[in-house]
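Inspection log for the structure reproduced underneath, given as structure tokens.
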Amino acid sequence: MLRVAILVISSKIVSGEESDKGREAVERMVSELPGAVVAYATVPDDRKAIRDRLLSLCDDHTPDVILTLGGTGVRPSDWAPEATRDIIEKEIQGIGEAMRQESLKKVRTAMLSRGTAGIVGTTLIVNLPGSPKGARENLAVILPVLDHTVEKIKGRNG
């Protein structure tokens, strides 16, 4: 069973201006892996805050996977990929490419998504879009290889 942490990146959710509409859908998909959500957090649209929270999630919960939701677009406040790159030891560009490729079949603006993935220690971090539909669709793209990827990161033969 995969241990998954979810980090929602949204100043509006942190301030209470908006509700978190994607949490339930992503938690449901995680439970179907099978997996368990070991941590859930929200953080404002701030590169340092995102970076710090990613590191604390790794240190405090040692998840197999951290899924970030939001901050992958081209708005001035979108910093998820940069904050992820700030802390990862290895980038897995193919994950972001695969998610964009599949999303482009549905919506042209998918080419604006800058989400990436990478490894810090033995944790895989994956940037998903902030919209619940986009997060579900992108997560569905990587689900078939998620367990295998985690096994490889941990040095197992998975």
Across 10 Å bins from the origin, how do the percents of Cα pairs in region 17-158 run, short distances first?
-> 11, 45, 37, 5, 0
Apportionment of accessible area to carbon and sulfur, region 57-144, percent (1.4 Å) | 53 percent
Lysine pair count for region 49-158 [Cα-Cα under 24 Å; pairs on different chains or 8 or more apart] | 4
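Ignoring everything except DSSP H segments at least 4 long, calculate the 222 nm mean residue ellipticity for the chain; use -39,500 (n - 2.57) per segment, divide by total residues, nearest 500.
Details: 6 runs with 71 residues, N = 158.
After summing the helix terms and dividing by residue count, I get -14000 deg cm²/dmol.
The values are calculated or read from the model by the stated rules, or taken from the named source; none is laboratory data. None of these values were measured; they are calculated from a predicted model. Only protein heavy atoms, including side chains, enter the accessible area calculation; ligands, DNA and RNA are left aside. Shrake-Rupley method; radii C 1.70, N 1.55, O 1.52, S 1.80 Å.
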